[in-house]
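The values are calculated or read from the model by the stated rules, or taken from the named source; none is laboratory data. Source: prediction; values computed, not measured. Here the Cβ positions follow ideal geometry from the backbone for every residue, glycine too, while neighbour counts run over all protein chains shown. Surface accessibility is based on the protein's heavy atoms, side chains included, excluding ligands, DNA and RNA. Shrake-Rupley method; radii C 1.70, N 1.55, O 1.52, S 1.80 Å.
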Amino acid sequence: MLLEKSKLIGNKTLEISGSKSISNRLLILNKLFENIIIENLSNSEDTQLLQNALDSNSEIIDIHHAGTAMRFLTSYYAIQEGKTFILTGSDRMKQRPIQYLVDALRDLGADITYLENEGFPPLKIMGKKFEKSSVTIPAHISSQFISSLMLIGAKLENGLEINLVGKVTSKPYLEMTLKILRTIGISYQWEENTIQIFPDMQNPMRSSQIIPFVVESDWSSASYFYSIAAIARDTINLRYFKPYSLQGDSILREIYWKYFGVNTISEGAESRISLFPEYYFNYPEKIILDMNDCPDIAQTICITATAMNIPFEITGLSTLKVKETDRLLALKNELFKIGCIAEITDDSITSQKFFEANESISIATYNDHRMAMSFAPFCLIKSLNIENEDVVKKSYPDFWEDFDNILEKLD
């Protein structure tokens, strides 16, 4: 897809679908407890794949590229007593490690077998009743492994105690899971490195309650429009965002204000936020950020900084190496095409030098939705081609339509 050099049409309003992260957690919980009415469910491909899997009567479940679905379903299927499932995915999914989660579930009593390579999908899962109620798991791994365990905790006879070892990665996502559990009436405690999910049986009234849950719009998806507002220095309005969010990526508000001068103005009555760039803003000499709690928006920050020639040093990105692609390597490769020489380590990326990009830019997306969307705002600087643009369906199917609605091509 060729994105011709464009400019922002100021003060346009967009409505973004519900958060994928919240939607996927609610789908698992509703299948377990059957008492949630979900409104504004994400229209992402990942959420649709998870919903289809939960509704399927087949023993073979193929979740394609949907990493969240793979992790959440592994725990969910493990407690479906007397049922057998084959859980598989795309070639890339078969390269994404899942051993820490499988080891934790096996420790609890799960019957899970690797069908191809040890430590990786596909999995054969024979559902059974767990005998244990306490497990230990490394804290530095994907937060989705830990959330996967948390989601099934209340269905276990004695609840679930999760002992985390080491530094917690993406802590806001664990907090999101706990807040959703509390909203549907499930009790928990989190003290130091121990999370305790109490059994559902301790709250007999909860099962008889029907709980409506309106999913707030997705802050990760909002990040691309923050990038556009920062580069274009003009206002964008976004609907269905709450002033107080469950989503860790809502840290966007602080990051884009501190480093790019984009103020977020909330209008609670309309569930609307306005991204309002300060015209006379003193840009920092360098962006230094630890994004351990919000690694999914790191790509967007790097492209915004490159477009505005602001040096950056971003750490806390170890989980990016096991996403849809090795995002750190992919990011380094593609940043070079738009004029940034960057260096990477196992958990960081640092700009070394900016230079004038070529006129012919073609961004490889590596089957990664965030690569496509995070680079798109660079068309405010130069025309560029986005390869395999359909990857955005994974999280934001309407992205290109929304993108076109707020931009106009320069003559």
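Annotations for the structure displayed:
- Considering the conditions (1) closer than 28 Å to PRO172 by Cα; (2) β-branched (Val, Ile, Thr); (3) open to solvent by less than 10 Å² (accessible area, probe 1.4 Å), ILE338 is excluded by exactly one of them, (1).
- Selection within region 178-196 - open to solvent by 20 Å² or more (accessible area, probe 1.4 Å), modelled with pLDDT of 95 or more and either closer than 30 Å to PHE378 by Cα or part of a helix (DSSP H, G or I) (or both): none
- Some residue of region 253-272 being under 18 Å from the mean Cα position of the chain (by Cα) and either assigned to a loop (DSSP other than H, G, I, E, B) or in contact (Cβ under 8 Å) with a residue 40 or more places away in the chain (or both): yes
- Close pairs from region 18-30: first more than 14 Å from ASN43 (Cα to Cα) and in contact (Cβ under 8 Å) with a residue 12 or more places away in the chain, partner part of a helix (DSSP H, G or I) and open to solvent by 10 Å² or more (accessible area, probe 1.4 Å), Cβ under 8 Å, at least 6 apart: ILE28/LEU54; ILE28/TYR76
- The numbered conditions (1) over 24 Å from ALA229 (Cα atoms); (2) crowded, with 18+ Cβ neighbours inside 10 Å; (3) within 17 Å of the chain's Cα centre (by Cα); (4) acidic (Asp, Glu) are all true for ASP326 except (2).
- For the residues ASN158, ASN117, the requirement of being of a type outside the set (Phe, Trp, Tyr) and touching a residue at least 40 places away in the same chain (Cβ under 8 Å) singles out ASN158.
- Residues in region 114-163 that are farther than 21 Å from LEU87 by Cα, in a strand (DSSP E or B) and open to solvent by less than 10 Å² (accessible area, probe 1.4 Å): VAL135, ILE137, LEU160, ILE162.
- Applying a threshold of 9 Å to beta carbon distances and a minimum spacing of six or more residues, or different chains, the list of pairs starting in region 33-53 at a residue that is in a loop (DSSP other than H, G, I, E, B) and ending at one that is aliphatic (A, V, I, L, M) and open to solvent by 40 Å² or more (accessible area, probe 1.4 Å) reads ASN35/ILE210; ASN40/VAL214.
- Being without any contact (Cβ under 8 Å) to a residue 40 or more places away in the chain, in a helix (DSSP H, G or I), among the charged types (D, E, K, R) and surrounded by fewer than 19 Cβ atoms within 10 Å (Cβ to Cβ) is not true of GLU175.
- Candidates PRO295, PRO199, PRO277, PRO284: the one that is in contact (Cβ under 8 Å) with a residue 24 or more places away in the chain, open to solvent by less than 60 Å² (accessible area, probe 1.4 Å) and within 23 Å of the chain's Cα centre (by Cα) is PRO295.
- Contacts under 8 angstrom Cβ, first residue in region 95-106 being within 15 Å of ASN117 (Cβ to Cβ) and in a helix (DSSP H, G or I), partner modelled with pLDDT of 95 or more and among the hydroxyl-bearing types (Ser, Thr, Tyr), 6 or more apart: VAL102/THR74; VAL102/TYR114
- Once region 298-315 is narrowed to residues that are free of Cβ contacts under 8 Å to residues at least 40 places away in the same chain and within 22 Å of HIS140 (Cβ to Cβ), the residue that is farthest from the chain's Cα centre (by Cα) is GLU313.
- Screening ILE9 with (1) surrounded by 22 or more Cβ atoms within 10 Å (Cβ to Cβ); (2) of a type outside the set (Asp, Glu); (3) more than 15 Å from MET70 (Cα to Cα) gives one miss only, at (1).
- Counted as qualifying within region 312-411 are no strands (runs of 3 or more DSSP E), as none has 2 or more residues that are at pLDDT below 90 and in the same structural domain as SER170 (by TED's automatic domain parsing).
- Figure legend. Inter-residue proximity from region 368-385: first residues open to solvent by 20 Å² or more (accessible area, probe 1.4 Å), second residues modelled with pLDDT of 95 or more and part of a helix (DSSP H, G or I), beta-carbon distance below 8 Å, spacing 6+ or different chains. Indicated pairs: LEU380/ILE228; LEU380/ILE231; LEU380/ALA232; LEU380/ALA307; ILE381/ILE231; ILE381/ALA307.
- Selection count where residues are among the acidic types (Asp, Glu) and buried (at least 21 other Cβ atoms within 10 Å of the Cβ), scope region 211-234: 1
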